[in-house]
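> Quick one: the structure is below, questions incoming.
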Amino acid sequence: MYMERMCKAIQKMSIGKKTKEIEIQDLVNVFKLLKQNGNTLYFVGNGGSAGIAIHMTADFLKNGGMRTHSMHEAATLTCIGNDFGYEYVFSKQLELVAQDGDLLIAISSSGSSDNIIKAVEVAKEKKCKVITLTGFKENNKLRQMGDYNIYIPSMEYGIVESIHNMVLQQIVDELNV
């Protein structure tokens, strides 16, 4: 039953306005260009999405050979959270380190986390590209903000997060094919 729901969500997943196959390759090309230009890749997420972000920061560095920057270091998160508020834990970091041409991957199952939305706003101000990965409600705020938007039509955290992880794993694996 669970696998049936997951397969259904994969089949109905949307990436931008093109077909999935073209879109995945378009995303692979975005990462290849980022790597070629020597720009930096940032991942942000909360809870399970933070776990995906941390994992992918390592995978894109090690397996993708890309320049990545961890946004989830405990001392940095608690320092910024304490001094400015949790809603700024990612955006304040991006204010300091993001540059024109960098890429932010914003992962939020609900698409409504204030700290993720603020990070995207700063990334856009800094002229970074943004890829969002969301689920739950189709009209979530984060989904409207990215240059590319991966949306999983499910209200189940496990399904949304598993597919987010799978899509990102597919991209990093395709970088070396």
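The values are calculated or read from the model by the stated rules, or taken from the named source; none is laboratory data. Here the structure is a predicted model, which is why all the values come from computation and not from measurement. Quick reminder, even Gly has a Cβ in these numbers, built from the backbone with ideal geometry, and neighbours come from all protein chains shown.
> Any chance the stretch 73-81 includes a residue that's modelled with pLDDT of 95 or more and assigned to a loop (DSSP other than H, G, I, E, B)? Steps first, please.
Kept after step one, since they are modelled with pLDDT of 95 or more, are these residues of the stretch 73-81: 73-81.
Still in the list and also assigned to a loop (DSSP other than H, G, I, E, B): 73.
The answer is yes, given that some residue of the stretch 73-81 is modelled with pLDDT of 95 or more and assigned to a loop (DSSP other than H, G, I, E, B).
> Let me ask something additional. For ILE24, are the conditions met, namely being at pLDDT below 95 and part of a helix (DSSP H, G or I)?
yes
> I'd like to check something: does the stretch 101-114 contain any residue that is farther than 27 Å from MET155 by Cβ, of a type outside the set (A, V, I, L, M, F, W, C), modelled with pLDDT of 95 or more and in contact with a Cys (Cβ under 8 Å, 6 or more places away or on another chain)?
Looking for residues that are farther than 27 Å from MET155 by Cβ, of a type outside the set (A, V, I, L, M, F, W, C), modelled with pLDDT of 95 or more and in contact with a Cys (Cβ under 8 Å, 6 or more places away or on another chain), one finds at least one in the stretch 101-114, hence yes.
> Here is a list: GLY85, GLY65. Which entry is of a type outside the set (Asp, Glu) and farther than 30 Å from MET155 by Cα?
GLY65
> Exactly one condition in (1) part of a helix (DSSP H, G or I); (2) in contact with an Asp or Glu (Cβ under 9 Å, 6 or more places away or on another chain); (3) among the aromatic types (Phe, Trp, Tyr) is false for PHE60; which is it?
(2)
> State whether the residues of the stretch 145-157 include one that is closer than 20 Å to MET13 by Cβ, touching a residue at least 40 places away in the same chain (Cβ under 8 Å), in a helix (DSSP H, G or I) and more than 14 Å from the chain's Cα centre (by Cα).
Within the stretch 145-157 (the criterion being closer than 20 Å to MET13 by Cβ, touching a residue at least 40 places away in the same chain (Cβ under 8 Å), in a helix (DSSP H, G or I) and more than 14 Å from the chain's Cα centre (by Cα)), the answer is yes, since at least one residue qualifies.
> Could you give every pair whose Cβ atoms fall below 8 Å, whose first residue belongs to the stretch 114-131 and is farther than 16 Å from PHE84 by Cα and part of a helix (DSSP H, G or I), and whose second residue is polar (S, T, N, Q) and at pLDDT 95 or above, counting only separations of at least 6 or pairs across chains?
Between residues of the stretch 114-131 that are farther than 16 Å from PHE84 by Cα and part of a helix (DSSP H, G or I) and residues that are polar (S, T, N, Q) and at pLDDT 95 or above, the close pairs are VAL120/THR132; GLU121/SER91.
> Can you tell me which of PHE90, PHE43, PHE60 is surrounded by 15 or more Cβ atoms within 10 Å (Cβ to Cβ) and within 16 Å of ASP173 (Cα to Cα)? I'd like the intermediate steps shown before the answer.
On the way: PHE90 fails: within 16 Å of ASP173 (Cα to Cα); PHE43 fails: within 16 Å of ASP173 (Cα to Cα).
Result: PHE60 is the single residue among PHE90, PHE43, PHE60 that is surrounded by 15 or more Cβ atoms within 10 Å (Cβ to Cβ) and within 16 Å of ASP173 (Cα to Cα).
> Being in contact (Cβ under 8 Å) with a residue 24 or more places away in the chain and over 17 Å from THR132 (Cβ atoms) is the filter here, so list the residues in the stretch 32-50 that pass it.
LYS32, LYS35, ASN37, GLY38, ASN39, THR40
> Those residues that are outside any loop (DSSP other than H, G, I, E, B) and surrounded by fewer than 24 Cβ atoms within 10 Å (Cβ to Cβ), I need them from the stretch 93-102; list them, please.
If the condition is that a residue be outside any loop (DSSP other than H, G, I, E, B) and surrounded by fewer than 24 Cβ atoms within 10 Å (Cβ to Cβ), then GLN93, GLU95, LEU96, VAL97 are the ones that fit.
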